[in-house]
Amino acid sequence: MWDYTEEVMEHYRNPKNVGKIDNADAIGEAGSLTCGDALKIYLKIDNGIVTDAKFQTFGCGSAVASSSVLTEMVIGKSLEDVKKITNKEIAEKLGGLPPEKMHCSVMGHEALENALSNYFHEDVAPSTKDKMICTCFSVTEKQIINAIKENGLKTLDEVTNYTKAGGACGHCKESIQGILNKYYHINQKEEKAALTTTQKILKVNNIIENQISPELRKDNGDIELVDIDGDKIYVKLRGSCSGCKNSTITLKNFVEATLRATLGDEIEVIEV
């Protein structure tokens, strides 16, 4: 059972601004009934100020609470201030959300962005170039990258918690990990400068503990750093990973790829 704050429970039990504005100046939508969560937000705007906001949602208690608090956050604010609202702020206003429910605050933010885009007559249709990654929950590559960028997501589990991508059949998990690897390869080039041996050991251990081990442990496996010699990283596989016929694939396609994303393409992982 998840641990909800008093603020979440209050907005769930007594949601504010539920309903529809018939003559709304802006309407935004996010999510999908087929995915389990859907939100529609209505805004009334006068001279650049949001004077009223209502919502209709289908989803869990966290979705209701996130939608409710979002309407309170936007009423009385200028459009310029509304544009600055982030999903983090929605969650913070609720006193926090369980990691597995952060996608509810993201859905609220996406609905708000959609409403503003409609109000300013911006093109909100999905681009044909925006690759669909998770077909189960209709999550695109752009949405995943935005979630990674705005929330500092580092692991596959975090991406799933914030976007739901990978939370059903799991077929897209490899693609999601590839997006993570590519993102941090592009955005952390400055960190790939020459490191001292101690710095490299600390960085490798951090990546193993926070990004690699959690995934291997799901299948009762694990990994241990043994030594580092220049760009060669020596590791030992543990548990079910040890002696597995797919261990070479795991080392190259997951462990080595994850380490290369931060430390550079010259990194080579060797099992001992």
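Values quoted throughout were computed directly from the atomic coordinates according to the rules given, and no laboratory measurement underlies them. Quick caveat: nothing in here was measured; it's all calculated off a predicted structure. Note that we place each Cβ from the backbone using ideal geometry, even for glycine, and neighbour counts take in every protein chain shown.
What the table below lists for this structure:
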{"quantity": "The chain, dipole about Cα centre (Lys/Arg Cβ +1, Asp/Glu Cβ -1), debye to the nearest 20", "calculated": "340"}
{"quantity": "Size of charge dipole - the stretch 192-271 - debye, nearest 20, with Cβ of Lys, Arg +1 and Asp, Glu -1, no other charges", "calculated": "160"}
{"quantity": "Identified option (computed volume of the Cα convex hull per residue in Å³; candidates (1) 127; (2) 138; (3) 149)", "calculated": "(3)"}
{"quantity": "The stretch 70-163, dipole about Cα centre (Lys/Arg Cβ +1, Asp/Glu Cβ -1), debye to the nearest 20", "calculated": "120"}
{"quantity": "Gyration tensor verdict on the stretch 6-119 (Cα atoms; rounded if a/c is under 1.5, prolate if a/b is larger than b/c, oblate otherwise)", "calculated": "prolate"}
{"quantity": "Sequence of F120, F254, F58 once ranked by neighbouring C-beta atoms within 10 Å, starting from the fewest", "calculated": "F120, F58, F254"}
{"quantity": "Three-way shape label, the stretch 192-271, alpha-carbon gyration tensor, a/c 1.5", "calculated": "prolate"}
{"quantity": "Fraction of beta bridges assigned by DSSP in the chain that are antiparallel (%, nearest 5)", "calculated": "85"}
{"quantity": "Neighbour-count order for L112, L237, L195, fewest beta carbons within 10 angstrom listed first", "calculated": "L195, L237, L112"}
{"quantity": "Calculated [θ] (222 nm, deg cm²/dmol) that DSSP helices of n ≥ 4 give over the chain, each run adding -39,500 (n - 2.57)", "calculated": "-11500 deg cm²/dmol"}
{"quantity": "Packing-based exposure ordering (other Cβ within 10 Å, fewest first) of T258, T86, T163", "calculated": "T86, T258, T163"}
{"quantity": "Under DSSP loop assignment and at most 11 Cβ neighbours within 10 Å, longest trypsin sites (Lys or Arg not before Pro)-free interval of the chain", "calculated": "130-217"}
